[in-house]
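Asks: What follows is a structure written as structure tokens; I'll ask about it next.
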């Protein structure tokens, strides 16, 4: 009888992919785990209770990151959807689309350094509003490019049909365009949320260390060689993306199939 190695190979791949995340969760519950000990000296909720209730401000950083990412994701998605229509129906859309790639030509740190002078002049340097605006300047071009595939001759024919039947632009937008673009809007929000959520270089420059997002906290703990708190911060860092990924798989990708 021929033995199939496929289940074993798949299991091994899943274990290799999942091991870093499992180890990170275990590390967040551990302390006094030193070489050559096989098991940690302590395993429990002490790290979580200590850091969430202490002056390190990790819970506050988590809330700030959620607020920033939700703001950037929602504003970038809807503004990108609206403005992309004008861009991709324009006769010079290729040139206009080319400008949308500009923020991705430079590294986030370099891009942040270029923006820092202007942000300082208008009072957006070192505060949450400035970080939201700076991240929007990166997420919005992505949304603009993302919705480029939505506006085509088929969508244009739907708009013309509604106009021919006496529909208003408002009815066209809410009754036709939004239902057709619902899945793409959710996917774009998911992507722009992640762009903002994991942003470090631009946030560190514009925030000047005053805006302590969760990514900033992770790097601070790692620099301090505090791997237990760093692992705990990473657990909080991956929680919202996992939740969004679940909802995308549950409601968005299921409808696309």
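Asks: Any chance you could run the full-extension gain for residue 245 through residue 121? It's 0.36 nm times the residue separation minus the Cα-Cα distance, nm to one decimal. Please list the in-between numbers first.
Replies: On the way: separation 124, 0.36 × 124 = 44.64 nm, distance 3.88 nm.
Between residue 245 and residue 121, full extension yields 40.8 nm more.
Asks: By its C-alpha gyration tensor, with a ≥ b ≥ c as the square roots of the eigenvalues, how is the stretch 170-257 shaped: rounded for a/c under 1.5, else prolate for a/b larger than b/c, else oblate? Display every interim value, and only then the final one.
Replies: Values: a/c = 5.02, a/b = 2.07, b/c = 2.42.
It is oblate, given that a/c is not under 1.5 and a/b is not larger than b/c.
Asks: If I take all pairs of Cα atoms in the stretch 43-134, what percentage of them are more than 20 Å from each other?
Replies: Working: 2520 of 4186 pairs.
The calculated P(r) of the stretch 43-134 puts 60 percent of pairs beyond 20 Å.
Asks: Also, I was wondering about something else. Please report, to two decimal places, log10 I(q)/I(0) for the stretch 78-220 at q = 0.14, 0.17, 0.19 Å⁻¹ as given by the Debye formula with identical point scatterers on the Cα atoms and no solvent.
Replies: -0.75, -0.95, -1.08
Asks: On to the next question. For the stretch 76-115, state the semi-axes of the equivalent ellipsoid (square roots of 5 times the eigenvalues of the alpha-carbon gyration tensor), sorted largest first and rounded to whole angstrom.
Replies: Working: eigenvalues 113, 35, 7 Å².
Ellipsoid half-lengths, sorted descending, are 24, 13, 6 Å.
Asks: Relative to the longest principal Cα axis of the chain, at what angle does helix 128-146 sit, 0 to 90 degrees, rounded to 10?
Replies: Tilt of helix 128-146: around 60 degrees.
Asks: Give me the one-decimal nm value for the distance between modelled label points at residue 5 and residue 89, 7 Å along each residue's Cα-to-Cβ direction.
Replies: 5.8 nm
Asks: Also, I was wondering about something else. For the stretch 1-44, take the alpha-carbon Rg, divide it by the Kirkwood Rh, and send me Rg/Rh. Spell out each step's value before the answer.
Replies: Values: Rg = 15.9 Å, Rh = 12.7 Å.
Result: Rg/Rh = 1.25.
Asks: In deg cm²/dmol, rounded to 500, what helix-only [θ] at 222 nm does the chain give when every DSSP H run of at least 4 residues adds -39500 (n - 2.57) and the total is split over its residues?
Replies: On the way: 14 runs with 184 residues, N = 257.
Computed mean residue ellipticity for the chain: -23000 deg cm²/dmol.
Asks: Okay, next question. Using the alpha-carbon atoms, what tilt in degrees (0 to 90, nearest 10) does helix 6-28 show relative to the longest principal axis of the chain?
Replies: 70 degrees
Asks: Counting other C-beta atoms within 10 Å, which of 105, 25 has the fewest, and how do the rest follow? Spell out each step's value before the answer.
Replies: Values: 105 8, 25 15.
Final ranking by Cβ density, sparse to dense: 105, 25.
Asks: What is the order of 69, 61, 116, fewest Cβ neighbours within 10 Å to most? Don't skip to the end; give the middle numbers.
Replies: Details: 69 26, 61 22, 116 18.
Listed from fewest to most nearby Cβ atoms, that is 116, 61, 69.
Asks: To continue, here is another question. Largest first, please: the extent of the C-alpha atoms of the chain along each principal axis, to the nearest Å.
Replies: Principal extents (Cα only, largest first): 75, 72, 31 Å.
Asks: For the stretch 17-91 and the stretch 95-110, compute the distance between their C-alpha centroids and round to whole Å.
Replies: Taking the Cα centre of each part, the stretch 17-91 and the stretch 95-110 sit 27 Å apart.
Asks: I've got another one for you. Using a 7 Å offset from the Cα along the Cα-to-Cβ direction at both residue 49 and residue 222, what is the distance between the two label points in nm, to one decimal?
Replies: With each label point 7 Å from Cα toward Cβ, the separation is 3.0 nm.
Every number here is computed from the coordinates shown, using simple stated rules; none is lab data. Everything numeric here is computed off the predicted structure, so don't read it as measured data. Quick reminder, even Gly has a Cβ in these numbers, built from the backbone with ideal geometry, and neighbours come from all protein chains shown.
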